[in-house]
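*Asks:* Supplied in structure tokens, the structure appears directly below.
The values are calculated or read from the model by the stated rules, or taken from the named source; none is laboratory data. Since this is a predicted model, take the numbers as computed values, not measurements. So basically every Cβ, Gly included, is an ideal-geometry build from the backbone, and we count neighbours across all protein chains shown.
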Protein chains: 4
Amino acid sequence: MKFDNHKAIFLQIVDLVTSKIANNDWLPDEKIPSVRDLGAELEVNPNTVMRAYELLQQKDIIYNKRGLGFFVKPMAAENIVKSKKKQFLEVDLPVFFKTMKVLNISIDEIIDQYHKIK
Amino acid sequence: MKFDNHKAIFLQIVDLVTSKIANNDWLPDEKIPSVRDLGAELEVNPNTVMRAYELLQQKDIIYNKRGLGFFVKPMAAENIVKSKKKQFLEVDLPVFFKTMKVLNISIDEIIDQYHKIK
Amino acid sequence: MKFDNHKAIFLQIVDLVTSKIANNDWLPDEKIPSVRDLGAELEVNPNTVMRAYELLQQKDIIYNKRGLGFFVKPMAAENIVKSKKKQFLEVDLPVFFKTMKVLNISIDEIIDQYHKIK
Amino acid sequence: MKFDNHKAIFLQIVDLVTSKIANNDWLPDEKIPSVRDLGAELEVNPNTVMRAYELLQQKDIIYNKRGLGFFVKPMAAENIVKSKKKQFLEVDLPVFFKTMKVLNISIDEIIDQYHKIK
DNA sequence: GTGGTCTAGACCACC
DNA sequence: GTGGTCTAGACCACA
């Protein structure tokens with residue numbers, strides 16, 4: 001796997017796992033790869049994967065069973081989508097509108113672009 | 001001034017100066033604060049301000065007269081707006097549309113929000 | 001059964017068995033569940049139960065008859081209570097008093113709480 | 001410094017720093033030792049100190065200024081004491097009373113012990 | 001087999 | 001100088 005050099009690898013692993021779960025590639029209560037396996041697959045040190053898993057645990061996306069490994073938390077997929085949506089509507093969108101105003105771009109221009117690209 | 005600890009301070013100073021100029025707070029060929037003065041005002045090491053000014057010079061937003069200080073480049077304000085607009089239309093907007101799609105948010109919802117906030 | 005993920009499972013099984021015996025749920029010389037049965041009931045690997053039983057044997061709480069299983073040692077209940085009491089008076093209580101002092105909590109506050117909760 | 005081998009070193013460093021701050025050995029907005037310095041002093045790898053500092057940051061006990069180091073958060077001392085007190089009254093104390101009941105120890109015995117030790 | 005911790009040493013961006 | 005990240009390798013307790 002190729003990583004973006006401007007962002008910490010372990011954070012990119014967090015994103016990777018998050019999207020796997022949001023996409024239902026990994027299902028609730030399913031075991032996810034061990035730190036060693038994922039480390040080998042991504043050609044990354046297991047410690048780096050561990051760091052990502054710790055963060056995912058804090059975010060209530062995965063949980064740990066002693067000696068067995070990490071598992072997808074039930075409802076994680078739903079919660080991920082929900083919190084992303086919240087972030088989009090409450091943070092990204094206001095910023096977006098503000099930028100539009102600063103640059104003097106009308107909502108109609110946006111709608112035009114939207115239909116053109118689509 | 002309060003800085004966001006997640007972003008390099010000198011980049012935040014670049015943003016600050018850029019927006020001052022874009023807003024016409026600082027006019028073409030007007031002298032901007034010395035690195036010492038701005039450093040003192042922002043409670044930041046002058047080296048850090050210097051680094052911001054160097055970047056702003058590269059971006060053709062300010063220029064230097066040896067022994068006199070830094071000055072706003074003519075047309076800087078216009079160029080800033082132009083490049084921001086380009087960034088917005090060519091980069092931010094596609095990303096924005098992609099996020100909408102991923103989160104299953106329609107253009108109508110966006111329009112609603114726009115009028116509601118306004 | 002739900003286990004606390006911060007403590008080794010086999011130690012939690014030790015606690016479980018100990019309290020069963022202290023409570024006279026399991027009587028002297030009575031056979032306790034086999035490692036397989038208890039493992040199945042607790043949804044835990046039998047090896048893990050075995051490890052708990054080994055520790056309980058060392059602590060003179062249960063004994064083994066080869067081919068028959070594990071049995072509650074006579075006087076185990078009494079000894080458990082006795083050693084718990086010793087632990088409480090000689091270790092827990094001094095720690096408790098020290099914490100009170102550090103947090104500046106008086107003995108009267110403790111007494112108040114005691115009667116309030118009761 | 002001697003560490004207790006049963007508890008992770010970085011957690012013991014968290015405790016150490018926490019108590020320094022609670023004791024007002026390190027005051028609000030004062031710089032605390034760099035990860036390298038404290039690592040050298042404790043004869044521990046700087047990474048291990050870093051891990052402790054990360055946790056302390058999460059707990060709102062210290063904060064970071066880019067390139068300058070870690071600093072004691074204002075009100076950290078008060079908050080530490082407050083949360084310890086809460087833990088004691090809401091968690092430790094009920095457990096303590098329950099143990100008393102199980103072991104058939106009266107509140108009067110506790111009071112006696114208290115005055116005897118004092 | 002699993003995670004969890006730690007070391008030694010490296011490199012980087014930033015102040 | 002500061003933190004922040006990463007690697008390679010080790011050792012441990014636990015299941």
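*Asks:* For D:M50, which of the numbered conditions (1) within 9 Å of DNA strand F (Cβ to nearest atom); (2) assigned to a loop (DSSP other than H, G, I, E, B) fails to hold?
*Replies:* Failing condition for D:M50: (2).
*Asks:* While we're here: So is A:N47 free of Cβ contacts under 8 Å to residues at least 40 places away in the same chain, on the phi < 0 side of the Ramachandran plot and within 12 Å of DNA strand E (Cβ to nearest atom) or not?
*Replies:* yes
*Asks:* Give region B:93-118 a look and list any residue that's buried (at least 16 other Cβ atoms within 10 Å of the Cβ) and acidic (D, E), or say none.
*Replies:* Answer for region B:93-118, where residues must be buried (at least 16 other Cβ atoms within 10 Å of the Cβ) and acidic (D, E): there is none.
*Asks:* Can I ask one more? Residues to consider are A:K59, A:K82; find the one that is within 15 Å of DNA strand E (Cβ to nearest atom) and basic (K, R).
*Replies:* Every option except A:K59 fails the conditions.
*Asks:* So D:P74 ticks every box in (1) over 29 Å from B:D4 (Cα atoms); (2) in a loop (DSSP other than H, G, I, E, B) but one. Which box is left unticked?
*Replies:* Going through the list (1) over 29 Å from B:D4 (Cα atoms); (2) in a loop (DSSP other than H, G, I, E, B), D:P74 breaks only (1).
*Asks:* If I filter region B:8-19 for residues that are part of a loop (DSSP other than H, G, I, E, B), under 22 Å from A:T99 (Cα atoms), near DNA strand E (Cβ under 10 Å from one of its atoms) and within 14 Å of chain D (Cβ to nearest Cβ), do I get at least one hit?
*Replies:* yes
*Asks:* If you go through region C:1-24, how many residues are out of contact with any strand residue (DSSP E or B) (no Cβ under 6 Å at 6 or more places or on another chain), more than 10 Å from DNA strand F (Cβ to nearest atom) and under 15 Å from C:F70 (Cβ atoms)?
*Replies:* So the answer is 5.
*Asks:* Hey, among the residues in region D:53-71 that are more than 10 Å from DNA strand F (Cβ to nearest atom) and assigned to a helix (DSSP H, G or I), which one's farthest from D:A8 (Cα to Cα)?
*Replies:* D:Q58
*Asks:* Going by what's in this entry, would B:R66 be described as surrounded by 12 or more Cβ atoms within 10 Å (Cβ to Cβ) and either away from chain A (no Cβ under 14 Å) or under 21 Å from D:L68 (Cα atoms) (or both)?
*Replies:* Working: surrounded by 12 or more Cβ atoms within 10 Å (Cβ to Cβ): no; either away from chain A (no Cβ under 14 Å) or under 21 Å from D:L68 (Cα atoms) (or both): yes.
So B:R66 does not fit the description; no.
*Asks:* Kindly indicate whether B:Y53 is aromatic (F, W, Y) and either modelled with pLDDT under 95 or over 21 Å from the mean Cα position of the chain (by Cα) (or both).
*Replies:* So B:Y53 does not fit the description; no.
*Asks:* Pick from B:L103, B:L27: which is within 17 Å of the chain's Cα centre (by Cα) and either touching a residue at least 24 places away in the same chain (Cβ under 8 Å) or away from DNA strand F (no atom under 16 Å from the Cβ) (or both)?
*Replies:* B:L27
*Asks:* Scan region B:92-118 for residues that are hydroxyl-bearing (S, T, Y) and outside any helix (DSSP H, G or I) and report the count.
*Replies:* Number satisfying all stated conditions: 1.
*Asks:* Something else about it: Taking the conditions exactly as written (under 30 Å from B:K82 (Cβ atoms) and more than 16 Å from DNA strand E (Cβ to nearest atom)), does A:N24 satisfy them or not?
*Replies:* Working: under 30 Å from B:K82 (Cβ atoms): no; more than 16 Å from DNA strand E (Cβ to nearest atom): yes.
For A:N24, the condition - under 30 Å from B:K82 (Cβ atoms) and more than 16 Å from DNA strand E (Cβ to nearest atom) - is not met.
*Asks:* Would you confirm whether or not region A:34-44 contains a residue that is assigned to a loop (DSSP other than H, G, I, E, B), in contact (Cβ under 8 Å) with a residue 24 or more places away in the chain and either of a type in the set (S, T, N, Q) or away from DNA strand F (no atom under 16 Å from the Cβ) (or both)?
*Replies:* Yes; the residues of region A:34-44 include at least one that is assigned to a loop (DSSP other than H, G, I, E, B), in contact (Cβ under 8 Å) with a residue 24 or more places away in the chain and either of a type in the set (S, T, N, Q) or away from DNA strand F (no atom under 16 Å from the Cβ) (or both).
Here is a yes/no grid of residues against (1) farther than 29 Å from C:P46 by Cα; (2) among the charged types (D, E, K, R):
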site: A:D4; (1), (2): yes, yes
site: A:K20; (1), (2): yes, yes
site: A:P46; (1), (2): yes, no
site: A:Y53; (1), (2): no, no
site: A:K59; (1), (2): yes, yes
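*Asks:* Any chance you could count how many residues in region A:95-118 are over 19 Å from B:K82 (Cβ atoms) and at the interface with chain B (Cβ under 7 Å from one of its Cβ atoms)?
*Replies:* 6
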